[in-house]
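Visitor: First, the structure itself, so that you have it in front of you.
Bear in mind that the values in this text are calculations on the coordinates, not laboratory data. Source: prediction; values computed, not measured. Heads up, the Cβs are rebuilt from the backbone with ideal geometry, glycines too, and the neighbour counts pull from every protein chain shown.
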Amino acid sequence: MKNNSSSAMGIIFILIGVGALLSTMNYLNHNVIMLMVSLAFFALYFVRGGNKNYYNLSFLMPACILLMLSPLEILRTNNFFNKLDSEITVLAIAVAFFLIYFMHNLWVRDIRNKKRHWPLLVGIVLSAIGISNYISNTYDVAVGNFILHYAWSILFILLGIFILIREFFKKK
């Protein structure tokens, strides 16, 4: 075979197709298919060089997100969640972005030897959204509304001021 990564991608697509067909015929649960697709993307990530190439993040992102959503889907089908469904889903996706950050940046640097921090920032923002939604839906409505409406607004204003001050002093 000429190209190992193309061969691996072809085999993975065949396995995904067979899994989807078995799911359609009710031989496999869709949660297992989601986990299989996640493992297929992990395999593509590692076959194509893992963290040696920044563009392999396009395989790592769906792998981590599906890996985190698959157990949630199993718990959801067994009615494990009541009112916290959306909050836990947002937090699971946040954990997936933390996993992306640590898997891709812990060992590896990109071409210019710099770490990429954007997955960490996405994970922090999603965690904050999930936690604030949890607080607003679980505790006193007044406290939840304060956090959801005022605290976020104040936080964004302070963040903007911080960025502007930092840029102002950086130029001098």
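Visitor: With θ taken as phi - 60° and the coefficients 6.51, -1.76 and 1.60, list the Karplus ³J(HN,Hα) couplings across the range 46-58 in order, rounded to whole Hz; mark glycine and proline as x.
Guide: Ordered by residue, 3J(HN,Hα) equals 6, 5, 7, x, x, 8, 6, 10, 4, 6, 6, 4, 5 Hz.
Visitor: Give, to the nearest whole percent, the P(r) tail of the range 4-138 beyond 22 angstrom, counting all Cα pairs.
Guide: Considering the range 4-138, 47 percent of its Cα-Cα pairs are separated by more than 22 Å.
Visitor: While we're looking at this one, here's another question. Between Leu28 and residues 5 or more places away or on another chain, which pairs have amide H atoms under 5 Å apart, with H built 1.01 Å from N, and which residues are they?
Guide: Ser23
Visitor: Can you tell me which of 156-168, 39-51, 23-35 comes out highest on packing, and rank the rest after it, using the mean Cβ neighbours within 10 Å?
Guide: 39-51, 23-35, 156-168
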